[in-house]
1. Once you have the Cα-Cα distance between SER59 and GLN13, take 0.36 nm times their residue separation minus that, and quote the gain in nm to one decimal.
2. When only C-alpha pairs under 8 Å and at least 6 residues apart count, what is the relative contact order of region 30-89, in percent?
3. Taking the chain, how many lysine pairs are there with alpha carbons less than 15 Å apart, if each pair must be eight or more places apart or span two chains?
4. Kindly identify the chain as rounded, prolate or oblate by the Cα gyration tensor criterion: order the square roots of the eigenvalues as a ≥ b ≥ c, call it rounded if a/c is under 1.5, otherwise compare a/b with b/c, prolate if a/b is larger, else oblate.
5. With the Cα gyration tensor of region 50-89 giving a ≥ b ≥ c as the square roots of its eigenvalues, does the rule (a/c under 1.5 for rounded; else a/b larger than b/c for prolate; else oblate) give rounded, prolate or oblate?
6. Determine, from the Cβ-Cβ distance of HIS46 and GLN26 and an R0 of 30 Å, the FRET efficiency 1/(1 + (r/R0)^6), rounded to the nearest 0.05.
7. Once the Cα atoms of helix 7-21 and of the chain are each reduced to a long axis, what angle between those two axes, in degrees from 0 to 90 to the nearest 10, is obtained?
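Any read-out appearing in this document is the output of simple, stated calculations on the displayed coordinates, not a laboratory observation. Please read all numbers here as calculations on a predicted model, not as lab measurements. Please note: Cβ atoms are built from the backbone with ideal geometry, for glycine as well, and neighbour counts cover all protein chains shown.
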Amino acid sequence: MNFFSGQYNQKKQEAEDKRIEAMPKQKTHKGTKKRFRVTAKGKVKHRRSGTSHLQVRVSAKRKRNLRGTGVLDKSDTPNIVEALASNSY
């Protein structure tokens, strides 16, 4: 009797069928995860641009207004949430 026949082959085929049926998981976009954070109410927070260097030429008012985090526009929120795949900090 061949080892690769009968019940063994049937179980192997069933296991392969199950793998084919499963949909692939949505992966988290790592660049998005580093730059955005979703709040409890579903808003998306981000760091404001223009704050990392070359601050000498920027006015005091501009520097003051760039402090903290900003909230992303509602129209861009679904794309960011999808890219994060429910894995925000």
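1. 9.7 nm
2. Numbers: 56 pairs, mean separation 27.6, N = 60.
Averaging sequence separation for qualifying contacts and normalising by length gives 46 percent for region 30-89.
3. The number of close lysine pairs in the chain is 6.
4. Prolate.
5. Note, shape of region 50-89 comes out prolate.
6. Working: r = 21 Å, r/R0 = 0.70.
Calculated transfer efficiency: 0.90.
7. Roughly 30 degrees, rounded to the nearest 10.
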